[in-house]
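Colleague: Structure incoming, see below.
The values are calculated or read from the model by the stated rules, or taken from the named source; none is laboratory data. Nothing here was measured: the structure is a model prediction, and the numbers come from that model. For neighbour counting, all protein chains shown are included, and Cβ atoms are generated from backbone atoms with ideal geometry for every residue, glycine included. Only protein heavy atoms, including side chains, enter the accessible area calculation; ligands, DNA and RNA are left aside. Shrake-Rupley method; radii C 1.70, N 1.55, O 1.52, S 1.80 Å.
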Amino acid sequence: MNPCQSPSPGAAEGLLESMRRRSQTGPRHLVEPGPDEVQRRQLFEAAATAPDHGQILPWRFVLIHAQARARLGMAFEQALLERDAQAGDDERGRAREKASRAPFLALAVVREGGDAQEHIRVHERMVSLGCALQNLLLMAHAQGFGAGLVSGLAMESRALREFCALSKHERAVCFVAVGTVARGREPRQRPPLERLVSELAR
């Protein structure tokens, strides 16, 4: 056994309990203070520990600072108009307002191809991004913050793609939001293990 991986039952139980207590918190329930510069770096360092077949780094994050939120709001409004050119002022205002939620906001992007590792298929790349997102969420929880993932129809819009300068081989997957929880709630019930695991006959 690798000496760096020596068993530690206490650490394992502590990690599992922390994972049990983590829950999804939507951006509208996340307020200041958010992660500082050191904590933001920790979030992305945690994401970087995700499995990565071929070490191709098929995903990235676009961190959206406060100064860019107004432009993100305009992109959300344009994304709405792409779907519904007749959207009213109220709908357009609500679309813009979404950009102002949560102190920390980053777009998760996956690269689906267009590189020298085409044999590494899209689903493997998505699995890697999913692991990176979970690691980031767990780190945010360990830092004492709430966090959550949010997606929607804007992910497919030309406006958002242009705002985040995505290449033709990249796909916007979801936003990850982090901040202080304004209103706490109990963690949801986890599914019983019997629903997760089956065994082949010996």
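Colleague: Using every pair of alpha-carbon atoms in segment 52-202, split the distances into 10 Å bins beginning at 0 and state the percent of pairs per bin, rounded to integers.
Modeller: 10, 31, 32, 21, 6, 1, 0
Colleague: Volume per residue, Å³, of the convex hull around the alpha-carbon atoms of segment 25-85?
Modeller: 156 Å³
Colleague: Please report the carbon-and-sulfur percent of the accessible area for segment 63-202; probe 1.4 Å, protein heavy atoms only, DNA, RNA and ligands left out.
Modeller: Answer for segment 63-202 is 51 percent, counting heavy atoms of protein chains only.
Colleague: Any chance you could list the semi-axes, whole Å, largest first, of the equivalent ellipsoid that the Cα gyration tensor gives for segment 117-189, using √(5λ)?
Modeller: Each semi-axis is √(5λ); the values are 27, 17, 10 Å.
Colleague: Relative contact order for the chain using alpha-carbon pairs under 8 Å, separation at least 6, rounded to a whole percent?
Modeller: After rounding, I find 34 percent.
Colleague: I'd like the orientation of helix 9-21 relative to the chain: the angle between its Cα long axis and the longest Cα principal axis, in ° from 0 to 90, rounded to 10.
Modeller: 30 degrees
Colleague: Which listed residue (Thr180, Gly93, Ala106) has the Cα farthest towards the positive end of the charge dipole for segment 85-192, taking +1 on Lys and Arg C-beta and -1 on Asp and Glu C-beta about the Cα centre?
Modeller: Value: Thr180.
Colleague: Now for a separate question. In nanometres, what is the gap between the two model label sites at Ser23 and Ala70, each 7 Å from Cα along Cα-to-Cβ?
Modeller: Label-label distance for Ser23 and Ala70, simple model: 3.7 nm.
Colleague: Taking the radius of gyration and the Kirkwood hydrodynamic radius from Cα positions alone, what is the Rg/Rh ratio for segment 52-94, to two decimal places?
Modeller: 1.24
Colleague: What size of dipole, in debye to the nearest 20, comes out for segment 1-136 about its Cα centre when the only charges are +1 on Lys and Arg C-beta atoms and -1 on Asp and Glu C-beta atoms?
Modeller: 200 debye
Colleague: Follow-up question, since we're still on this one. About the Cα centre, and with charges only on the beta carbon of Lys, Arg (+1) and Asp, Glu (-1), how big is the dipole of segment 17-67? Nearest 20 debye, please.
Modeller: Using only the charged Cβ atoms, the result is roughly 220 debye.
Colleague: Expressed as an acute angle from 0 to 90° and rounded to the nearest 10, what is the orientation of the C-alpha long axis of helix 69-83 relative to the principal long axis of the chain?
Modeller: Between the helix axis and the principal axis of the chain, the angle is about 80 degrees.
Colleague: Provide the convex hull volume over Cα atoms per residue for segment 1-131, in Å³.
Modeller: In segment 1-131, the Cα hull volume divided by residue count equals 180 Å³.
Colleague: Could you provide, to the nearest whole Å², the per residue accessible area of segment 63-112 with probe 1.4 Å?
Modeller: 54 Å²
Colleague: Can you give me the angle between helix 122-142 and the longest principal axis of the chain, using Cα atoms only, in degrees from 0 to 90, rounded to the nearest 10?
Modeller: The two axes meet at around 80 degrees.
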